[in-house]
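Undergrad: After the structure tokens below, expect a handful of questions from me.
The values are calculated or read from the model by the stated rules, or taken from the named source; none is laboratory data. Since we're looking at a predicted model, the values are computed, not measured. Backbone-built Cβ (ideal geometry, glycine too); neighbour counts: all protein chains shown. Surface areas here come from the heavy atoms of the whole protein model, side chains and all, with no ligands, DNA or RNA. Shrake-Rupley method; radii C 1.70, N 1.55, O 1.52, S 1.80 Å.
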Amino acid sequence: MCGFLGVISKENIFSKEKINKAGDFMSNRGPDFSGYEFIQLSTTNIHLVHKRLSIIDLSNHANQPLYDENKNWIIVYNGEIYNYKEIRKELEKKQIKFYTNSDTEVIIKSFDYWGVKCLDRFIGMFSFMITNLQSGISYVVRDRTGVKPLYYYSSNNLLIFASDLRTINYLIDNKVTINLNSVDSYFNLGYNELENSYLNEINKLSQGCYLKIDLNNFETKLIKYWDSISFFKNKEYLQLPESEIITQLDELLTSAFKYRMISDVPVGVFLSGGYDSSLVSSILSKKTNYEINSYTIGFADSKFNEAHHAKKVANYLGLNHTEKICTENDAFELIENLVDVYDEPFGDPSQIPTLLVSKLASNDVKVVLSADGGDEIFGGYSRYSTSMNIHNFTNKVPKVFLKLIESIPSLVSKNLLSLYLRRKINTNHIKKFNRILNSKSIFELMQNLNQNTQNDIFSNDFNKQKSYTEYDDLENINKMLVYDYNNFLEGDILKKVDRATMYFSIEGREPLLDHRIFEFMAKVNPEYKVSKNLEKKYLLKKIAHKYLPSKIMDRPKMGFGIPIDSWIKTNSKLKQVVFDNISESQIKSCDFFDYGKIVKMKNNYFKNHISTGHTVWYLFNFIRWKKSLKI
């Protein structure tokens, strides 16, 4: 797990000092070694910076940028190839020699022998830039799911690639403009679901894609080498008994989990006590010889606290368990740093406990397993069963009833209801309810369920340029699952964990995101994900109950949230910091906000007790980020 920067240009427009200063923004991603290389080709100049977090082959021989022995190839790389030992053995049988024990060298030798098709062999999480200095062809690659971040800038014979936005923004002297469609997505969802970043000038490389760059003429091609949706196109599901599906899936999960324990440094597990993290912990505990360290964050507020559930699982499995209760003061100490951690607007309040549990784990281990992806692959979110219920309901209800519900917001706005009701009823909630009931498809219905009810703070409407037609042919549950896999998982969950773990210089691994698990589950009948009686995670629970008693596991799903709404209202220090940042001058500095609407929203929040805490939190994080850009 590391961070890297690559600059390719016709003219050598940056000094070594400026390149290294840009790389320093990523120091937390790799505090163990800082490497720099400058390569001058006949038509091109290349600067490479690498910040290393040493996980596999801790020797100096594995430091990056890394050449092969003949200096035909050079690479900067972030991530892990978990099956690198098997690939290495295969290459050694072909008389190919290795000079390090690193997975980085395995990538180089794989490209040299198989070409870019070697990507199909890799099991792992990765982003990297690899260049063949003889042919002048460079590849910039991101892993299948998008676990590892990768951004790029292209203009006038200049290409810049980096593990974060800040690094690129510094090199182009903050000459950036805000992408308003991404801003709209953020205030709707708390994250950016679009392909582009929050800055018009800087793109993010999509998951499962690579850029091929011909350094001789700067011709660049974007190529998708792994497409999650394609695995759902074939609707011929596995014709196997349930018991055999469970057996095969159990073996696959065990393989994926064992791979994520490969390391030359200590490894731990984030344990919430829910099905996903408990399954990871139980399989590792019962099927390996590893001594497992587990880490949990809890809350004094019982509505958010899962710590006691995690402790039950840890005690049953005999894990070395560490727990910390998150307080308002813990949150306050981190808030000023959130813009440095996430490098862009990020609205998910669980960023705070994720940072705290990362800090907790960093005292003991350098690698930690996080069980994200289970909901998106196995069907765990309540919105899936809720969407299916509402979809079935609206198909049966007479349209005239739906039309009657549609009229409620206008009745409220025309003062036909009492002043008391207008103060107590959030009309945005009613509008959202209407959108849900009138959704044209179950896919649109789920999107309406996801959206923030308080997004009406803009001075005009935006037009997000995102198409969802690629999901059209999928069955309802698969449509929702793969949408979340491609968008919510990449835009929110993985970003949250990657940035939080890297801030404390530890590596986060996602065992449930082994692409073999995804591809297997795509072939499984949707009824094994959300069953006919709307039981969520049907298959995963069946496997979990093989390792853990149902009395420990069977409880309502909680999610990894925090009471940010009540904290802002009741903690005077937190309230002061938040509202100092969303001041009149800051709001009016953004010409796309409607200041009057925001004042009304803030008043409703405190005076009328209407819950708009998420929008307040989104605003706070957005304004802090915009201020950091100095634009």
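Undergrad: In the stretch 43-55, how many are assigned to a loop (DSSP other than H, G, I, E, B) and either among the hydrophobic types (A, V, I, L, M, F, W, C) or within 22 Å of Asp498 (Cα to Cα) (or both)? Give the steps one after another, and end with the answer.
TA: Taking the stretch 43-55 first, the residues assigned to a loop (DSSP other than H, G, I, E, B) are 43-44, 53-55.
Filter once more, keeping what is either among the hydrophobic types (A, V, I, L, M, F, W, C) or within 22 Å of Asp498 (Cα to Cα) (or both): 53-55.
Residues in the stretch 43-55 being assigned to a loop (DSSP other than H, G, I, E, B) and either among the hydrophobic types (A, V, I, L, M, F, W, C) or within 22 Å of Asp498 (Cα to Cα) (or both): 3 in total.
Here is a yes/no grid of residues against (1) under 30 Å from Phe257 (Cβ atoms); (2) among the aromatic types (Phe, Trp, Tyr):
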{"position": "Asn20", "(1), (2)": "no, no"}
{"position": "Met26", "(1), (2)": "yes, no"}
{"position": "Ile46", "(1), (2)": "no, no"}
{"position": "His50", "(1), (2)": "yes, no"}
{"position": "Ile81", "(1), (2)": "yes, no"}
{"position": "Lys89", "(1), (2)": "yes, no"}
{"position": "Phe98", "(1), (2)": "yes, yes"}
{"position": "Ser102", "(1), (2)": "yes, no"}
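For (1) within 20 Å of Met125 (Cβ to Cβ); (2) touching a helix residue (DSSP H, G or I) at 6+ places or on another chain (Cβ under 8 Å); (3) open to solvent by 60 Å² or more (accessible area, probe 1.4 Å), each residue gets a yes or a no:
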| position | (1), (2), (3) |
| --- | --- |
| Ser9 | no, no, no |
| Ala22 | no, yes, no |
| Met26 | yes, yes, no |
| Asn63 | no, no, no |
| Val76 | yes, no, no |
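Undergrad: What is the residue count in the stretch 83-132 for residues that are open to solvent by less than 30 Å² (accessible area, probe 1.4 Å), assigned to a helix (DSSP H, G or I) and either in contact with a Gly (Cβ under 6 Å, 6 or more places away or on another chain) or of a type in the set (Ser, Thr, Tyr) (or both)?
TA: Qualifying residue count for the region: 3.
Undergrad: What is the number of the single condition among (1) open to solvent by less than 10 Å² (accessible area, probe 1.4 Å); (2) charged (D, E, K, R); (3) in a helix (DSSP H, G or I); (4) under 19 Å from Phe488 (Cβ atoms) that Asp250 does not meet?
TA: With respect to (1) open to solvent by less than 10 Å² (accessible area, probe 1.4 Å); (2) charged (D, E, K, R); (3) in a helix (DSSP H, G or I); (4) under 19 Å from Phe488 (Cβ atoms), Asp250 is out only on (4).
Undergrad: When you go through Lys303, Lys286 one by one, which is the residue that is within 22 Å of Leu540 (Cβ to Cβ), basic (Lys, Arg) and surrounded by fewer than 22 Cβ atoms within 10 Å (Cβ to Cβ)?
TA: Among Lys303, Lys286, only Lys286 is within 22 Å of Leu540 (Cβ to Cβ), basic (Lys, Arg) and surrounded by fewer than 22 Cβ atoms within 10 Å (Cβ to Cβ).
Each row is one residue, and each column tells you yes or no for (1) of a type in the set (A, V, I, L, M, F, W, C); (2) touching a His at 6+ places or on another chain (Cβ under 8 Å); (3) open to solvent by less than 10 Å² (accessible area, probe 1.4 Å); (4) over 21 Å from Lys233 (Cβ atoms).
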residue	(1), (2), (3), (4)
Met446	yes, no, yes, no
Lys479	no, no, no, no
Phe504	yes, no, no, yes
Ala544	yes, no, yes, yes
Leu548	yes, no, yes, yes
Lys551	no, no, no, yes
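Undergrad: Shifting gears a bit: Give me the pairs: first residue in the stretch 318-345 and within 13 Å of Lys495 (Cα to Cα), second residue assigned to a loop (DSSP other than H, G, I, E, B), beta-carbon distance under 6 Å, and six or more apart or on different chains, which are they?
TA: Asp343/Asp164; Glu344/Tyr198
Undergrad: Sticking with this one: Are there any strands (runs of 3 or more DSSP E) wholly within the stretch 146-237 with 2 or more residues that are among the hydrophobic types (A, V, I, L, M, F, W, C), touching a helix residue (DSSP H, G or I) at 6+ places or on another chain (Cβ under 6 Å) and at pLDDT 95 or above, and if so which?
TA: Here the list reads 158-162.
Undergrad: Give, as residue ranges, the helices (runs of 4 or more DSSP H) completely inside the stretch 352-456 that count at least 3 residues that are modelled with pLDDT of 75 or more.
TA: Details: elements: 374-378, 382-394, 399-406, 408-413, 419-424, 427-437, 442-450.
The qualifying helices (runs of 4 or more DSSP H) are 374-378, 382-394, 442-450.
Undergrad: Let me ask another. Would you point out which residue out of Glu37, Glu80 is open to solvent by 10 Å² or more (accessible area, probe 1.4 Å), within 30 Å of Thr501 (Cα to Cα), among the charged types (D, E, K, R) and assigned to a strand (DSSP E or B)?
TA: Answer to the selection: Glu37.
Undergrad: Next question. Which number in (1) open to solvent by 50 Å² or more (accessible area, probe 1.4 Å); (2) closer than 30 Å to Lys258 by Cα; (3) outside any loop (DSSP other than H, G, I, E, B) marks the one condition that Leu58 misses?
TA: Answer for Leu58: the failing condition is (3).
Undergrad: Also: Among the candidates Tyr316, Tyr342, Tyr295, single out the residue that is aromatic (Phe, Trp, Tyr) and open to solvent by 20 Å² or more (accessible area, probe 1.4 Å).
TA: Sole residue among the options that is aromatic (Phe, Trp, Tyr) and open to solvent by 20 Å² or more (accessible area, probe 1.4 Å): Tyr316.
Undergrad: Name the one entry in Lys602, Lys597, Lys627 that is under 27 Å from the mean Cα position of the chain (by Cα) and either open to solvent by 10 Å² or more (accessible area, probe 1.4 Å) or in contact (Cβ under 8 Å) with a residue 40 or more places away in the chain (or both). Spell out the reasoning first.
TA: On the way: Lys602 fails: under 27 Å from the mean Cα position of the chain (by Cα); Lys597 fails: under 27 Å from the mean Cα position of the chain (by Cα).
The match here is Lys627.
Undergrad: OK, next. So which of Leu534, Leu539 ends up being on the phi > 0 side of the Ramachandran plot and surrounded by fewer than 24 Cβ atoms within 10 Å (Cβ to Cβ)?
TA: Unique residue meeting the criteria: Leu534.
Undergrad: Only one of (1) farther than 30 Å from Ile297 by Cβ; (2) surrounded by 13 or more Cβ atoms within 10 Å (Cβ to Cβ); (3) at pLDDT 85 or above is not met by Asn621, so which one is it?
TA: Result: Asn621 fails condition (1) only.
Undergrad: I'd like to verify a number: residues in the stretch 246-302 that are of a type in the set (Phe, Trp, Tyr) and within 14 Å of Thr322 (Cβ to Cβ), how many?
TA: Qualifying residue count for the region: 2.
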